[in-house]
Amino acid sequence: MKYFPYFLSIFGFFLTIILYFLLERYISVDWFVYNYYGNTSDDGTRFEAEIAWLPLLLAVLVSYFGWKLGKRKR
């Protein structure tokens, strides 16, 4: 139980990111999580990836509150 707050924090962060990824995929709201652009040309491959700030900020907040909740439960 010593590391429970940290596990809860990491779990909350990744769960929030995964939730927003699934929302973006099924609802097709482009600004939710992830935009990916791959362009293959003759001279090489160019990839571009973007992630929105809103899911990252919410994931950090969920992670912080998960850590605080884990600290309180000890």
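Bear in mind that the values in this text are calculations on the coordinates, not laboratory data. From a predicted model like this one, the values you see are computed outputs, not experimental measurements. Cβ: placed from backbone, ideal geometry, glycine included. Neighbour counts: every protein chain shown.
Numbers for the structure displayed
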read-out	value
Simple spin-label estimate for Ile18 and Leu58 in nanometres, 7 Å along Cα-Cβ	1.6 nm
Order by protection proxy (mean Cβ within 10 Å, highest first), peptides 54-60, 23-29	54-60, 23-29
FRET efficiency, 1/(1 + (r/R0)^6) with R0 30 Å, evaluated for Phe65 and Ser28 via beta carbons	0.55
